[in-house]
Structure formats: C-alpha cells, structure tokens
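Comments concern the structure below.
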Amino acid sequence: MIDQRLRGVLLLACGAFLLTLAALVRLYIYPSGLVLPAEQDRITKLTTESGTYFDTATLRTHRGVPLETVVARYGDTVRSTPDVAVWTEFVSLATRDGRRVDYHERRAAFDRRTGQAVNCCENYVDENANPAPRGQVFRWPFGARPIAYPVYDPLVRRPVAARFEGIETLYGVRVNRYAQRLVNERLVQQPMELPGSVLGLGGQKPFPVDAHLDGTRTFWVEPESGMVIGIRENLVKTLRTPDGRGRLVALAADMRTSEGDERWNAGEAEQFRRWTTLVNRVLPLSFAVLGALLLVAGLRVQARVPAPEGSEDGDEDGLSERAEDGGGGGAAAAPEPRPAGG
C-alpha cells in the first residue's frame, strides 16, 4: 500500500515537472535564442557577366564587362552588448581583372532581436560620421511577415520600403521575396565635374553633375530566421547636370549573389528553422502531452490507494458494527423484566 501511494506521488511529481519544463522551453529558452549574433566574419559576392561602367580616370565608358561586388562584414564584439550588435561592412565593385569601379563602407549598430538600426556606437556611412540610420539594416526580423519593411539604403542614406512580392523556394528553403523600387534617387557624393563632351553637350567645358539611382533591388529572405539568402541588384546609376540637359550612364548592371553564397545561406537558415521547430513546437508539445498523461495516471493511482487501518473512517465503521451487535465489548445489557404474578 505504501508502494502504491509512493508510485502515485512520483507520477504526479514527474507530470508537474514536465509541464513546467514545457512552459520553460517555450517561454524562456526559445525567446532567448532569438538574438542576432554580435560575431560576424563573412564575405559574399554579387556578380554579372555583362555590365556597363564609366571610368572617371580615362573618361571612357566600358560595356559588356564582367563585374563583381565583394561584400565583407565584420562584427565588433567589443562595442556590442546583449541588446545591440555592431557590424562594419565594406563593399567593393570591381571588374573581374581587379580594376575598382566603386567603393563604399559603413558601420551600423542594430537591435539584436529586431534587426532595426540603432543610432549609437560611432555609426558612419562613407564620409558621413552621423548618418542616423533607420529601418532594417543587415537582417529582417525573426518571423518576417508578408508586409513591407523599411530597409536602410546606404547609397541614398534613408530607408526604402522593401515590399513583399511572393513566396518561393530557393535551394530547398521556403523564402519570402521583397523588392525595393528606386526611382530617380539622388545619391550623396563628393562634388564632381565632367567635360561637356562626355555628357552629350559638346566641348571641353566642365559641368557639375549629380548622381541618380534607378532600378530594383530584390531580397530573398528566409522568414523564420530573417536571414537574407540572396540579393539581386538591377540598378542604373546616371550622372546628370543640374538642369538635366547633360547626362551619362555611370553604371548599369544586373547583379546577383553567387550560387555558392546562396547555398551556404540557405543551409544556415535551414539549420535555424530546424532548431525553431524543435524548441518552439516539438519539445514543448511533447513535454506537455507526456506531463498531462503522467498527471492523469498519478491521480488514478492515488484514487485506488485504500485508506490505512485505524483511520477515522475505519473507526466510524467499527462503531456502527458494534452498535448493531448490541454494544459488543461494552457494558452488559440490562435483563428483560419478568411478568407480574409469576
């Protein structure tokens, strides 16, 4: 009887423990894992087999040239905190034989849970030491939704809406496709002058020019992790005189992340998705179901445990039996009276 009672207590204790563990995994362990890394040491490439660019040194336009953009990102673990990560990005556009066409760099701090820019930690974009960035920086938020997200563009120095356009499968991973539309966006650059001959105005008289950007930038994002699997940049950069009469194409290229980089990103995102499925769904549900079954089993075992001898209920039953037998071992019963006149 003691063993049966102990068995019921153990079942109840194990059931309560598993229910508590299910809540702990779902409400604490899972959210604590949704943090973007402060560490970063990654190089990716975007390529095209046929691009156009203007060489400001020789004042010549080159067409049909293979181009490659190298994007290097490094994390600053010293300046990063549990809530904010700081990454530095270097972007170099060059021909395949190594002639540099364009170069940009930036340092950006962002919230490690939302991926949104944070204005701190010596942010800069090229020569601008106080860009005050807003919107998503390097990643989408965890659990990215099919909506438009403001994504900070370091070329135009402001967030540009990346609108949801559909769902695709990329290297076996389900991804959301978002697109930024850039229309006549003026770029921030150092003052520049070009001779009228290259601007279609004739002569060698120099004219000041401004840079403008048009085109589409497409992002393929794995929604659970918010990781960008691939990018396509179909952009045209033009140099124009302030009155718009003179212009030339400074850059025209349709570039996309290399296949190797997209496969690697897809693999990383798939690992995160599996972890999410395990910690957010499988383990909490399994612990909860098993805990509930153990609780029910423990209650049933407890209900079958008989009351111990000498308990209050047993005493009451004994008293009832003795009352029915005429008192049992109590005082002697009174004799019946004799009939009169005997």
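The values are calculated or read from the model by the stated rules, or taken from the named source; none is laboratory data. All of these numbers come straight from a predicted model, not from anything done at the bench. Cβ placement follows ideal geometry from the backbone for every residue including glycine, while neighbour counts extend to all protein chains displayed.
Grab the strands (runs of 3 or more DSSP E) fully contained in segment 179-261, keeping just those with 1 or more residues being on the phi > 0 side of the Ramachandran plot.
Where strands (runs of 3 or more DSSP E) fall fully within segment 179-261 and carry at least 1 residues being on the phi > 0 side of the Ramachandran plot, they are 206-222.
Could you check T216 against (1) surrounded by 21 or more Cβ atoms within 10 Å (Cβ to Cβ); (2) within 30 Å of L36 (Cα to Cα) and say which number it fails?
(1)
Is it the case that G51 is within 30 Å of V198 (Cβ to Cβ) and either in contact (Cβ under 8 Å) with a residue 24 or more places away in the chain or touching a helix residue (DSSP H, G or I) at 6+ places or on another chain (Cβ under 6 Å) (or both)?
Criteria met by G51.
I need a count of the residues in segment 233-266 that are of a type in the set (D, E, K, R), under 16 Å from L201 (Cα atoms) and out of contact with any Lys or Arg (no Cβ under 9 Å at 6 or more places or on another chain).
Number satisfying all stated conditions: 2.
Here is a list: R245, R240. Which entry is among the basic types (K, R) and surrounded by fewer than 19 Cβ atoms within 10 Å (Cβ to Cβ)?
When all the criteria are applied, what remains is R245.
Looking at E268, is it among the acidic types (D, E), part of a strand (DSSP E or B) and either without any contact (Cβ under 8 Å) to a residue 12 or more places away in the chain or in contact with a strand residue (DSSP E or B) (Cβ under 9 Å, 6 or more places away or on another chain) (or both)?
no
If I filter segment 146-160 for residues that are over 20 Å from N265 (Cβ atoms), surrounded by fewer than 16 Cβ atoms within 10 Å (Cβ to Cβ) and in contact with a Pro (Cβ under 7 Å, 6 or more places away or on another chain), do I get at least one hit?
No, segment 146-160 has no match at all.
Any chance you could count how many residues in segment 34-61 are more than 20 Å from A117 (Cα to Cα) and of a type outside the set (S, T, N, Q)?
Summing the residues that are more than 20 Å from A117 (Cα to Cα) and of a type outside the set (S, T, N, Q) in segment 34-61 gives 11.
Filter segment 62-86 down to the residues that are of a type in the set (S, T, Y) and more than 21 Å from H104 (Cα to Cα) and list them by number.
Hits for segment 62-86 are T77, S80, T81.
Return the residue satisfying two criteria in turn: it lies in segment 195-222 and is polar (S, T, N, Q) and either at pLDDT 95 or above or closer than 19 Å to L182 by Cα (or both), and of such residues it is farthest from the chain's Cα centre (by Cα).
T216
Go through V84, V71 for me and flag whichever is surrounded by 14 or more Cβ atoms within 10 Å (Cβ to Cβ), farther than 26 Å from S32 by Cβ and either hydroxyl-bearing (S, T, Y) or modelled with pLDDT of 95 or more (or both).
V71
I'd like the full set of residues that are within 20 Å of the chain's Cα centre (by Cα), surrounded by fewer than 18 Cβ atoms within 10 Å (Cβ to Cβ) and charged (D, E, K, R), limited to segment 1-56.
E39, D41, R42
Does V70 fit the bill of being in contact with a Cys (Cβ under 9 Å, 6 or more places away or on another chain) and not small (G, A, S)?
No; evaluated as a whole, the condition is false for this residue.
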